[in-house]
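Have a look at the structure below, then the notes.
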Amino acid sequence: MKLASLKQGRDGKLIVVSRDLSRAIAADGIAPTLQVAMDTWDRSASRLAGLYRELNEGSPVGSFSFRPGDCASPLPRAYQWADGSAYVTHVELVRKARGAKMPESFWTDPLMYQGGSDSFIGPEDDILAADEAWGIDMEGEVAAITGDVPMGASPAQAAAHVRLLMLVNDVSLRNLIPKELEKGFGFFQSKPASAFSPVAVTPDEFGDHWRDGKVHLPLLVDVNGARFGSPSAGIDMTFSFFDLVAHAAKTRELEAGSIVGSGTVSNSDRSSGSACIAERRMLETIETGKPETPFLKFGDRVRIEMKLPDGSSVFGAIDQRVRRYEGPK
């Protein structure tokens, strides 16, 4: 099934969306918000699925046209946002571009950081930044929303707790990252609010394209209407979502509604392009000695989407413009 949150209050209003993303219906009688649905999943999921069936079979009373622009991120805020780096070939490229050797442990122990989750931006909200010199970049990713995950869960056990999947634009301010990492405390200012796809979907929506904890479909990333990359989310994903969730839960419980990201989707075969500008710039540096592709400018448009082989959109699209932030009002 497909779920979304209309912009309403801090936590949105839960709606069920048809498979073709054309119609929606409020889920008030089942759960007012997606977070409540996650907290009560054992009893709410089957009722939401029933509403989803009705919506796909016709136009039940109360249904309406679905407009992604009316949506917040499926979880407008979350108790946890932990972003991994499952595509180790991408990490290897980062190291190679700056002449550093990658530790062998990166192939067996996932990288992960804890991002800000007190507010996300909607799938068609502007990316706000005060200065282009910060190095504004998109990062196309896939993310999972979990149920309650017990501490110490194995990957096999974690599999039972992956409830929903989404797309992510994990916005990065590349020119702020180096000085933050020099401090040894990780990202903060260089990772502003992320955006997620209009809808979150249950894994069964992918059919055979969801297997082994990975989505085996291309991630389509466009900048200003031109295809920037279409790397496969299943190829070269060293750590599956089951691995990533287990990693996050090694020393703590994960509460229902926790979000775990894949990190930038990347393939070792670079012919399908990239899901972030930084990767293209690293390839240019390796090839010619310097980067050529600029980071995003004010007015630029970013679109991130995933489609099934028949051309139908799975999540709807993240479709954003970069705008100058003018300061608090």
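The values are calculated or read from the model by the stated rules, or taken from the named source; none is laboratory data. Predicted model only: the values in this text are computed from it and were never measured. Glycine also receives a Cβ, built like all others from the backbone with ideal geometry; neighbour counts cover every protein chain displayed. Surface accessibility is based on the protein's heavy atoms, side chains included, excluding ligands, DNA and RNA. Shrake-Rupley method; radii C 1.70, N 1.55, O 1.52, S 1.80 Å.
Numerical summary
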item: Helix axis angle, 277-288 relative to the chain longest principal axis, alpha carbon, degrees; result: 30
item: Sites excluded, GluC sites (Glu not before Pro) in DSSP loops with at most 16 other C-beta within 10 Å, longest stretch of the chain; result: 1-252
item: Shape of region 105-182, Cα gyration tensor, a/c cut at 1.5; result: oblate
item: The chain - percent relative contact order, Cα under 8 Å, separation 6 or more; result: 23
item: Count, lysine Cα pairs under 16 Å in the chain, 8 or more residues apart or across chains; result: 6
item: Helix-only [θ]222 nm of the chain, DSSP H runs n ≥ 4, -39500 (n - 2.57) each, per residue, nearest 500; result: -5500 deg cm²/dmol
item: Coil-residue trypsin sites (Lys or Arg not before Pro) of region 187-278, DSSP, other Cβ within 10 Å capped at 14; result: K250, R252
item: Nearest 10 degrees, 0 to 90: helix 88-97 Cα axis against the chain principal axis; result: 30
item: Principal-axis tilt of helix 41-57 within the chain, Cα atoms, nearest 10 degrees; result: 80
item: Average accessible surface area per residue within region 46-88, 1.4 Å rolling probe, Å²; result: 45
item: Dipole magnitude of the chain about its Cα centre (Cβ charges: Lys, Arg +1; Asp, Glu -1), debye to nearest 20; result: 460
item: Accessible area of the chain belonging to carbon and sulfur atoms, whole % at 1.4 Å probe; result: 49
item: Among V260, V17, V61, residue whose mean-square fluctuation peaks in a GNM of the chain (springs only between Cα atoms under 10 Å); result: V61
